[in-house]
1. Among the residues of segment 97-111, write down those that are surrounded by 14 or more Cβ atoms within 10 Å (Cβ to Cβ) and assigned to a helix (DSSP H, G or I).
2. Restricting the search to segment 92-124, which residues are in contact with a Lys or Arg (Cβ under 8 Å, 6 or more places away or on another chain) and farther than 24 Å from Leu53 by Cα?
3. So, in segment 214-233, of the ones that are in a helix (DSSP H, G or I) and of a type in the set (Gly, Ala, Ser), which residue ends up surrounded by the most Cβ atoms within 10 Å (Cβ to Cβ)?
4. Residue under question is Val61, and the condition is that it be in contact (Cβ under 8 Å) with a residue 60 or more places away in the chain, in contact with a Ser or Thr (Cβ under 9 Å, 6 or more places away or on another chain), within 27 Å of Ile155 (Cβ to Cβ) and part of a strand (DSSP E or B); does it hold?
5. Can you tell me which residue among Leu151, Leu128 is farther than 30 Å from Ala66 by Cβ and modelled with pLDDT of 85 or more?
6. Can you name every residue in segment 1-36 that is among the small types (Gly, Ala, Ser) and within 20 Å of the chain's Cα centre (by Cα)?
7. What are the residues in segment 29-39 that are at pLDDT 90 or above and surrounded by fewer than 18 Cβ atoms within 10 Å (Cβ to Cβ), if any?
8. Is there a residue being among the aromatic types (Phe, Trp, Tyr), at negative phi and loosely packed, with under 14 Cβ neighbours inside 10 Å anywhere in segment 61-79?
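The values are calculated or read from the model by the stated rules, or taken from the named source; none is laboratory data. This one's a predicted model, so the numbers in the text were calculated from it and none came from an experiment. Cβ atoms come from the backbone with ideal geometry, glycine included; neighbour counts cover every protein chain shown.
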Amino acid sequence: MNELVKCTGLCRDFGSVRALDGVDLTLEPGKIVGLLGPNGSGKTTLIKILNGLLQPTAGTVEICGAAPGPISKSLISYLPDRGYFPDWMRVEDMVELFDDFYADFDRVKAGEMCLTLGLEPGSRIKTLSKGTKEKMQLMLVMSRKAKLYLLDEPIAGVDPAAREFIMKTILTNYNEDGTVLISTHLLLDVEQVLDEAIFLQRGRVVLHEAVDSIRERTGDSVDALFRQMFRSDMW
């Protein structure tokens, strides 16, 4: 099996709170995968471990056969759930920085995406609206030809029209030989693009299945199954 990501017995504790509890997970190349669960289910913790920003308390993680580190960071394009760029920098400064830092960064694609997303290269980040800052981050992340795209809540906090626009941007710009892992609890907005769904509940993987298989097995949408399984966790 051609494994891009492999997690075995993965646990992460924050003091007395166990955020991840024995996660076993395998991802293959060429997939769009939804990491789905209510708030507090462990989605961001898992993504940060895959990206090497957090260390597991127990268990192992492999990205293309290696533990998270400098090699895996060169293969992963990460969109965090919050901005982290200095306000004094310009959009064009960030493009320059990513171009210098990542060998797989496509500067031509970045320019095309700036036009599509309505980003002015000379604009300072501090002058951008929240939605425009999110578009800038998306442009930088999707301009890389990565093996693994880790997108943490890319459509949270934006209106439905913007969600559709963001999903279209992701679909038309990712490396099709890579895998996109999208963390969200807004399943209705992403279900139509997913190949696989991972349901995470209280730090455990309770379902990992192809979306078409879920629909055939249940006779319903993945969103409907999600609401049924997590109803008690969403209130």
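1. Answer for segment 97-111, where residues must be surrounded by 14 or more Cβ atoms within 10 Å (Cβ to Cβ) and assigned to a helix (DSSP H, G or I): Leu97, Phe98, Asp99, Lys109, Ala110, Gly111.
2. Residues satisfying the conditions are Asp106, Leu117, Gly118, Leu119, Pro121, Gly122, Ser123, Arg124.
3. Among them, the one singled out is Ala224.
4. The answer is no for Val61.
5. When all the criteria are applied, what remains is Leu128.
6. If the condition is that a residue be among the small types (Gly, Ala, Ser) and within 20 Å of the chain's Cα centre (by Cα), then Ala19, Gly30, Gly34 are the ones that fit.
7. Answer for segment 29-39, where residues must be at pLDDT 90 or above and surrounded by fewer than 18 Cβ atoms within 10 Å (Cβ to Cβ): Pro29, Gly30, Lys31.
8. The answer is no, given that none of the residues of segment 61-79 is among the aromatic types (Phe, Trp, Tyr), at negative phi and loosely packed, with under 14 Cβ neighbours inside 10 Å.
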